[in-house]
Amino acid sequence: MIIKSLDKEKMMKNPEKISEMDRREFLKIGLVITGVFAGGSIVSVASAAEKIFPNGSIAEKYPYRPHYCMVIRVDRCIGCRRCVEGCVAANAVPSYGWRTLVLEREARQAIGQKREFIPVLCNQCNNPPCVRACPVTATYKDPQNGIVMMDNKKCIGCKICLAACPYDARYYNEERGAVDKCDFCFETRLSRGEKSTACQAACPADVRVFGDLSDPRSRVYRLVHQLQKPVWVLKKDTDAKPNIFYTKG
Amino acid sequence: MGCPENSSWTGCLKDAGRRVFSGGPVYLFFLGLFAALLVAGVAAGIHSVYIVGSRHAYGTTREIPLAMLIATYTFFVITSTGLCLVSSIGHIFGVERFMPIAKRAVLLSVITIMSGFLVIGLELENPLRLAVYLFCSPNFTSNIWWMGVLYAFEVVLLILEFIFLLLDKHKASVAAGLLGILFGIAAISNLGGVFAMLNGREFWYGPYLPIFFIASALLMGCAAVIFFTVLACRVHREGLDGRMAESLAAIGKLAGLMLAVIMFFTIWRMVALAVGGTHELLVRDALVSGPFAFNFWALEVGLGMILPFALILWSAGKRIGPIFLASALVIFSSFFVRLDMVVAGQIVPLYWELGVREYSKLHAYSPTWHEILVVLAGVGLTGAAFLLGEKVFQGFREVEDAGSHFAEVLEDAAQEPPSAEKGKVDGSP
Ligand code: SF4
Ligand code: SF4
């Protein structure tokens, strides 16, 4: 995350100059998404207010356009794994690999529901460790939409990106002769004009909400920029700045 | 014994060949053995990557993608850098005692780096793409990219340094050697960075590994010089001469010092892990009392630190026998140090904190025969090339040796066009 030092200094000197609107936006994000992410000039942290943040409205500062992301409403997941099947079918994922999984947590002591399901996939990180590690830029972040993609013909199969990814989102695909990973179905759906990912389309419980975080009218924008429900990301301390958000309800 | 009078390439090679074949049954047995290992290992690697697929042949998985072959690669290149550093103490920095070992150490440095390349070449899924895209599509933030570039330079510098040493071109060899040291240290600390810059892997992350690798390299360099020099005496069926014995004793002392350094590194590392995060604690437990306990206590600490240190102390810096044994132990053990370092960094599932059913156990890795054979290919290359090198360069003796004959040939080659050389050879009886 690169924050222009000038902006930072300016803001630390004149916190009162920060517009009320910005402050609210920031507080929302800072408070509810403890330690959020984001590339470009967005910054936001747990203890929020006195920390630095850039000028301008947050929506304008999302670094990609569209800035694709997914919000996972985790408590709605019933563990049917149709999303996984949809992904496998859409993207020809072999039996030995996965692009998305639904993990299962058991809470024996819990009252009522005793199991919880947690879908995981590539976080299309804004600061992707896989992209940094790849020696030949076979994996790269699309400059337009921020999806972390593969250029199969370049992949030398060193697998350092597998080790670098904090989310276990990559595997070596023999058939492709390259590493494979979730691309938000860019190749098989988005680039062909569809607006959803295969996993989202297959989910009967509307758990996975996919969309453009830079568009204030989008569902994902509204789900992320609200105060009522907590929104979190996985493994935020690795500083990969993920674009998969989790919430409840 | 030397080259034919006309000192031509072919004549020299023929002569070297004659020396190899008259090496005696034990020599030839080991040469054949190492060559067979090399061939078997290369065949196993090709079979794994290009025929059945590494997913079936190697023990690596999505969760533990880097394992024995990467560890072996680091083992060889760390040794190579170490040899380069130890050789430089004498012939570059002028420490008299370290001079006699310089040529052999530099040649071994070339051999071990090549062995490392061989092993990683049989590990990568698409090594040919590397040759193209390393240059056409570089990623300057990638440690692996820098690794490729730095080691490519390093191997060229080492070869130049060796040639200049043979030619007794002191200034040129010092220049190549100095650059070799710079590139070697850059390469090895960057190799540490390959692991140490992965923020998602707590056990590797941080400044420890790059520094540790440099210290390890020095230790490995000392151990390899001692080990191979003593073996070379057996190859030539003669005792260590006084000057060489003194040299080895001095290197043995340096090895003792480096062992002490490595021991303290290891102690502090374990202390630091004990106050680290969940992943670090899990790895520490795995090392101290879990699946890695035997490797850690017996192979790393016992055979790799305590016993060799005791042997070096016992040698009183004089007796070569114990120093040799200590070196052999250090080399053997450091293979497991590399292996444990690489594998232990990946045993904790990345979603451990979620407490999910799928990732409630530590990942496990065990090598397959294919992987072990590829490791042996590296060992075979090093062994065979060392044995050949000893005969070809006649033990790097100072006067009237084959090395200097080769030097003459090299000099001639530099002066005359190769076709003229060839004419000479053909005309010779
Ligand atoms: S395996 Fe392929 S994509 Fe991954 S780092 Fe290596 S070259 Fe890049
Ligand atoms: S989740 Fe892994 S594969 Fe996806 S962008 Fe982040 S580091 Fe790369």
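Could you check the simple spin-label distance between A:ARG82 and B:GLU238, using points 7 Å along Cα→Cβ, in nm with one decimal?
With each label placed 7 Å out from Cα toward Cβ, I get 8.3 nm.
So what's the protein assembly as shown giving for Cα Rg divided by 2.2 N^0.38 Å, two decimals? Spell out each step's value before the answer.
Details: Rg = 29.3 Å, N = 678, 2.2 N^0.38 = 26.2 Å.
Normalised Cα radius of gyration, the protein assembly as shown: 1.12.
Dipole of the range B:56-130 (Lys/Arg Cβ +1, Asp/Glu Cβ -1, origin at the Cα centre): which of B:ILE101, B:GLY121, B:LEU85 lies farthest to the positive side?
So the residue furthest toward the plus end is B:ILE101.
Add +1 for every Lys or Arg and -1 for every Asp or Glu among the other residues with Cβ under 11 Å from the Cβ of B:ILE181, and state the total. Don't skip to the end; give the middle numbers.
Numbers: positive: none; negative: B:GLU154, B:GLU161.
That sum, taken over residues with Cβ under 11 Å, equals -2.
Once amide H atoms are placed 1.01 Å from N in the peptide plane, what residues at a sequence separation of 5 or more from A:ASN173, or on another chain, have their amide H within under 5 Å of its amide H?
The list, which skips near neighbours in sequence, is A:ALA178, A:VAL179, A:ASP180.
Rounded to the nearest 10 degrees, what's the angle between the helix B:102-121 long axis and the longest principal axis of chain B, both from Cα atoms, 0 to 90?
Taking the Cα atoms of chain B, the angle to B:102-121 is about 50 degrees.
Once both labels are modelled 7 Å past Cα along the beta-carbon direction, what's the A:GLN226-B:MET263 spacing in nm?
6.4
Tally Lys and Arg at +1 and Asp and Glu at -1 over the other residues with C-beta under 12 Å from the C-beta of B:MET68: what net charge comes out? All intermediate terms of the calculation are to be shown ahead of the outcome.
Values: positive: B:ARG338; negative: B:GLU123, B:ASP340, B:GLU371.
Taking every other residue near B:MET68 into account, the sum is -2.
Just going by the charge dipole of the protein assembly as shown, with Lys and Arg at +1 and Asp and Glu at -1 on Cβ, which of A:ILE160, B:TRP9, B:LEU381 is farthest out on the positive end?
A:ILE160
Stretched out fully, how many nm does the piece from B:ALA298 to B:GLU353 gain, at 0.36 nm a residue minus the Cα gap? Display every interim value, and only then the final one.
Working: separation 55, 0.36 × 55 = 19.80 nm, distance 3.12 nm.
Between B:ALA298 and B:GLU353, full extension yields 16.7 nm more.
Label-point separation (nm) for A:ALA92 and A:LYS195, each offset 7 Å from Cα along Cα-to-Cβ?
Reported label-point gap for A:ALA92 and A:LYS195 is 2.9 nm.
Would you please classify the overall shape of the range A:76-197 from the alpha carbon gyration tensor, given that a ≥ b ≥ c denote the square roots of the eigenvalues, rounded means a/c under 1.5, and beyond that prolate means a/b larger than b/c while oblate covers the rest? Before the final figure, lay out the partial values.
Numbers: a/c = 1.98, a/b = 1.65, b/c = 1.20.
Cα axes put the range A:76-197 in the prolate bin.
Mind putting a number on the dipole of the protein assembly as shown about its Cα centre? Charges go on the C-beta only, +1 for Lys and Arg and -1 for Asp and Glu, and I need it in Debye to the nearest 20. Working shown, then result.
Details: 67 positive and 57 negative charges, 466 e Å.
For this selection, approximately 2240 debye.
What ranking of B:MET99, A:MET149 comes out by heavy-atom accessible area, probe 1.4 Å, highest first? Before the final figure, lay out the partial values.
Values: B:MET99 70, A:MET149 20 Å².
Accessible-area ranking of B:MET99, A:MET149, largest first: B:MET99, A:MET149.
Counting alpha carbon pairs within less than 8 Å and at least 6 residues apart, what relative contact order, in whole percent, applies to chain B?
On the way: 611 pairs, mean separation 127.7, N = 429.
Rounded, it is 30 percent for chain B.
Could you tell me what a quarter of the Cα convex hull surface of the range B:1-113 works out to, in nm² with one decimal place? Kindly include the intermediate steps, with their values, before the conclusion.
Values: hull surface 44.9 nm².
Value for the range B:1-113: 11.2 nm².
With every protein chain left in place, what is the accessible area of B:HIS363 in Å² (1.4 Å probe, nearest 10)?
For B:HIS363, the solvent-accessible surface is approximately 40 Å².
About the Cα centre of chain B, what is the dipole size in debye to 20, counting +1 per Lys and Arg Cβ and -1 per Asp and Glu Cβ, all else neutral?
Taking the Cα centre of chain B as origin, the dipole is about 600 debye.
Where does each of A:ARG217, A:ARG115 land when they are ordered by accessible area, with a 1.4 Å probe and the largest first?
Working: A:ARG217 190, A:ARG115 115 Å².
Heavy-atom accessible area, descending, gives A:ARG217, A:ARG115.
With charges set only on the Cβ (+1 for Lys and Arg, -1 for Asp and Glu), what does the dipole of the range A:80-163 come to about its Cα centre, in debye to the nearest 20? It would help to have the intermediate numbers written out before the result.
Numbers: 12 positive and 6 negative charges, 25 e Å.
The calculated dipole for the range A:80-163 is roughly 120 debye.
Can you compute the helix-only [θ] at 222 nm over the protein assembly as shown? Use -39500 (n - 2.57) per DSSP H run of at least 4 residues, normalise by all residues, nearest 500 deg cm²/dmol. Write down the numbers at each step before the final one.
Values: 24 runs with 354 residues, N = 678.
Computed mean residue ellipticity for the protein assembly as shown: -17000 deg cm²/dmol.
At 1.4 Å probe size, put B:SER247, A:SER95 in order of accessible surface, largest to smallest. Write out the running numbers ahead of the final one.
On the way: B:SER247 0, A:SER95 120 Å².
Most to least solvent-accessible, the answer reads A:SER95, B:SER247.
What would the Debye equation give as log₁₀ I(q)/I(0) for chain B at q = 0.12 Å⁻¹, counting only Cα atoms as equal point scatterers?
-1.04
Please list B:151-159, B:369-377 highest first by mean number of surrounding beta-carbon atoms within 10 Å per residue. Spell out each step's value before the answer.
Details: B:151-159: 20.9, B:369-377: 22.7.
Highest-to-lowest ranking by the protection proxy: B:369-377, B:151-159.
How much accessible surface area, in Å² rounded to 10, belongs to the heavy atoms of A:ARG82 with a 1.4 Å probe?
Taking all protein chains as shown, A:ARG82 has close to 120 Å².
Mean-square fluctuation check for chain B, GNM, Cα pairs under 10 Å: which of B:ASP241, B:ASP340, B:ASP168 is largest?
B:ASP241
Of the options B:LEU167, B:THR229, B:ALA274, report the single residue whose Cα projects farthest towards the positive end of the charge dipole of chain B (beta-carbon charges: Lys, Arg +1; Asp, Glu -1).
B:ALA274
The values are calculated or read from the model by the stated rules, or taken from the named source; none is laboratory data. Fair warning: this is a prediction, and the values are worked out from it, not measured in the lab. FYI the Cβ positions are ideal-geometry reconstructions off the backbone, even for glycines, and counts take in every protein chain you see. Ligands, DNA and RNA are excluded from the accessible area calculation, which covers all protein heavy atoms including side chains. Shrake-Rupley method; radii C 1.70, N 1.55, O 1.52, S 1.80 Å.
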